[in-house]
Amino acid sequence: MAKVNYNFEKRQKEIARKKKQEQKLAEKRQRKADAEPDQPAAEADATSPPPADV
């Protein structure tokens, strides 16, 4: 009888979980990009605080 390789199953599960998470993030970025197409880059830079010098 063959021995079950739990490490392989665990790795496959981790890969599937990462892939699903990346797809969700990509969809989220796409929705955000579709929601704000008319905002120019200069206006976005003006609303962010300037970098602090250390």
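The table below gives the values:
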{"item": "Test: residue in segment 31-49 that is at pLDDT 95 or above, of a type in the set (Gly, Ala, Ser) and surrounded by 10 or more Cβ atoms within 10 Å (Cβ to Cβ)", "result": "no"}
{"item": "Residue match in segment 13-23 (condition: β-branched (Val, Ile, Thr) and at pLDDT below 95)", "result": "no"}
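The values are calculated or read from the model by the stated rules, or taken from the named source; none is laboratory data. On a predicted model such as this, the values are computed, not experimentally measured, just so you know. Positions of Cβ are backbone-derived with ideal geometry, glycine not excepted, and every protein chain shown enters the neighbour counts.
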